[in-house]
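Below: one structure, written as structure tokens.
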Amino acid sequence: MFDHRHPVDLVAGGLLAVAYDAPTLEVNSVHYQGVGELAAGLTVEARAPDGLVEAYSARPNGAPLLAVQWHPEWATDDSAESQTYFHLLGRALRGEL
């Protein structure tokens, strides 16, 4: 039905593209549903090759929000990609974003 890993294209200039300093990323993913259309105020951060929104961001009331449709918690001990994501969350918690 689906592959557990696939690439996502990061939106140039977005939070994820800046954090990873890369145009694409391989992610862990086990979903068969996804975001069809974003609500007002949300910005696409990443898309799957088929166009499905895989990550989005916003700044409600000035606070950073970043949502991903994959599992960065998998293989965190040996995955630089997962560690980068959690470092990004830490920066957000410290008010650095």
| Sequence-distant residues sharing a close amide H with GLU45 (under 5 Å, placed H) | ALA55, TYR56, SER57
| note | LEU65 and THR84 label points (each 7 Å along its Cα→Cβ direction) are spaced in nm at 2.5 nm
| How compact and how long is the range 20-62, expressed as Rg and Dmax of its alpha-carbon atoms in Å? | 11.7, 32
| task | Could you work out the Kirkwood radius for the chain, taking every pair of different alpha carbons, averaging 1/r and inverting it, reported in Å? | result | 13.8 Å
| task | Report, in deg cm²/dmol and to the nearest 500, the calculated mean residue ellipticity at 222 nm for the chain, where each DSSP H run with n ≥ 4 adds -39500 (n - 2.57) and the sum is divided by the residue count. | result | -6000 deg cm²/dmol
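Report the gain in length on full extension from VAL18 to TYR32: 0.36 nm times residue separation, minus Cα-Cα distance, nm rounded to one decimal.
Value of the extension gain: 2.3 nm.
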| message | Let me check against my output: what whole-number percent is the relative contact order of the range 5-93, with C-alpha pairs under 8 Å and at least 6 apart? | response | 25 percent
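Only the coordinates and a few stated rules stand behind these numbers; no lab work does. Everything quoted here is computed from the prediction, not taken from an experiment. Here the Cβ is made from the backbone with ideal geometry for all residues, glycine too, and neighbour counts use every protein chain on show.
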